[in-house]
Amino acid sequence: MASNSDSIYYVLTKLKHHPELIKSIRPRYTNTVLILFDDSLKIADASFYFPVDRFMVNRLSNDFVAKNGDLLDSYFSMTNGTKKNYHDVWATTCHIPEKKVYLLELSFE
């Protein structure tokens, strides 16, 4: 089983390089962005990390945030925030089969 960080890294990188997979991006508040993307994207252990009609919330590890600052900054720029002074990143995930999308919400704390 892949780790949550592996799956999140894969999704964030894939969406950055293939924006055509994105159905909707909505900034929410000054520190949060909500992304809906095509559920045809193959994700390791998707049923675990993107549960059907149920949210899963995880704090990304400090190591992940430190190693992937540029990638995370690109998503932070999609929020309504102006200061990149976050230390923690929370990822909320879900699969919404009726809409044929995965949901990924990033909250920068």
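Laboratory data are not the source of any read-out in this text; all were calculated from the coordinates shown. For clarity, every value in this text was computed on a predicted model and none was experimentally measured. Neighbour counts run over all protein chains shown; Cβ positions are idealised from the backbone, glycine included.
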Tally of residues being out of contact with any Asp or Glu (no Cβ under 7 Å at 6 or more places or on another chain), aromatic (Phe, Trp, Tyr) and surrounded by 12 or more Cβ atoms within 10 Å (Cβ to Cβ) across segment 50-92: 4
Members of segment 80-105 found to be touching a Phe, Trp or Tyr at 6+ places or on another chain (Cβ under 7 Å) and over 22 Å from residue 9 (Cβ atoms), listed by number: 80
Qualifying positions in segment 40-57 - touching a helix residue (DSSP H, G or I) at 6+ places or on another chain (Cβ under 6 Å) and among the basic types (Lys, Arg): none
Residue check for residue 11: part of a strand (DSSP E or B), among the β-branched types (Val, Ile, Thr) and crowded, with 17+ Cβ neighbours inside 10 Å: no
Number of the exception - residue 16 against (1) of a type in the set (D, E, K, R); (2) farther than 19 Å from residue 108 by Cβ; (3) surrounded by fewer than 15 Cβ atoms within 10 Å (Cβ to Cβ); (4) in contact (Cβ under 8 Å) with a residue 12 or more places away in the chain: (2)
Given (1) in contact (Cβ under 8 Å) with a residue 24 or more places away in the chain; (2) surrounded by fewer than 19 Cβ atoms within 10 Å (Cβ to Cβ), index of the condition residue 104 fails: (2)
Unmet requirement for residue 36, which otherwise passes all of (1) among the aliphatic types (A, V, I, L, M); (2) surrounded by fewer than 18 Cβ atoms within 10 Å (Cβ to Cβ); (3) over 12 Å from residue 8 (Cβ atoms): (2)
Filter result for residue 16 (of a type in the set (Lys, Arg) and out of contact with any Asp or Glu (no Cβ under 8 Å at 6 or more places or on another chain)): yes
